[in-house]
1. What number, rounded to the nearest 500 deg cm²/dmol, is the helix-based mean residue ellipticity at 222 nm of the chain, given -39500 (n - 2.57) per DSSP H run of at least four residues and division by all its residues?
2. I need to check one value: relative contact order of the range 73-160, counting alpha carbon pairs closer than 8 Å and at least 6 residues apart, in percent.
3. Relative contact order, percent, of the range 18-106 when contacts are C-alpha pairs under 8 Å separated by at least 6 residues?
4. Between rounded, prolate and oblate, where does the range 55-134 land on the alpha carbon gyration tensor, with a ≥ b ≥ c its root eigenvalues, rounded for a/c under 1.5, else prolate if a/b exceeds b/c?
5. Checking the table LYS110/LYS133; LYS25/LYS149; LYS25/LYS79; LYS91/LYS153; LYS85/LYS160; LYS70/LYS153 against a 19 Å threshold on Cα-Cα, which pairs fail?
6. Let me know the charge dipole size of the range 72-160 about its Cα centre in debye, to the nearest 20, where only the beta-carbon of Lys, Arg (+1) and Asp, Glu (-1) is charged.
7. Taking the highest mean first, how do the peptides 61-67, 151-157 order by number of other beta carbon atoms within 10 angstrom per residue?
8. Hey, rough spin-label estimate for LYS160 and ALA50, points 7 angstrom out along Cα→Cβ, what's it come to in nanometres?
Amino acid sequence: MKKLLLSLLTVSFILTSCDGTSPVKFNDTIVEANETISHVSDSYTETLSAAIASGSYGSIAAATDSALVKIDAELDIVKALEAPKGAEEFKNAALKTYQDLRAIVEAGRKFTTLTEESSDEEFDKISDEYDAKMDAYNASFEQLANTQKAYAKGAGYELK
């Protein structure tokens, strides 16, 4: 009985170590990170818009710090993932998307430098930078979705 159990454990260990990361599990982990990132993006945008509308630029700092912590956590999760065969491009697209969101939040922090006495030109300069970062993020997010579809097709599973 002990020999049988030992044999089964050995075979199980060998199969587990040869299998590597499951493509579906890898995808699901990135999907979870995407959901978190999307929520962070939406929440930060709402907070930033409300602060700008009310002229409460000082309140942006706390929202920025909170968003950066959440983004960094998701970046760390994805960086630590072992990419299955053919998944490097998908992983890199996810990392780029999250880094682009981080750049948006960093640009949003610049609104905290504004005061009631700030000129329209100062506001416009920061706003233009923020919008450019948002455009880059949206392009990265679209690229991530396309890369995910290609990866799923190559790995032989269907996205739902």
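1. Calculated mean residue ellipticity at 222 nm is -28500 deg cm²/dmol.
2. That works out to 38 percent.
3. Once normalised by length, the contact order is 40 percent.
4. Note, shape of the range 55-134 comes out oblate.
5. With Cα atoms farther than 19 Å apart: LYS85/LYS160; LYS70/LYS153.
6. Taking the Cα centre of the range 72-160 as origin, the dipole is about 880 debye.
7. Per-residue Cβ counts within 10 Å, averaged per peptide and sorted highest first, yield 61-67, 151-157.
8. In this crude spin-label approximation the distance works out to 3.5 nm.
A short reminder: the numbers here are calculations on the coordinates, not readings from a lab. In this text, all values refer to a predicted model and were calculated from it rather than measured experimentally. Cβ atoms come from the backbone with ideal geometry, glycine included; neighbour counts cover every protein chain shown.
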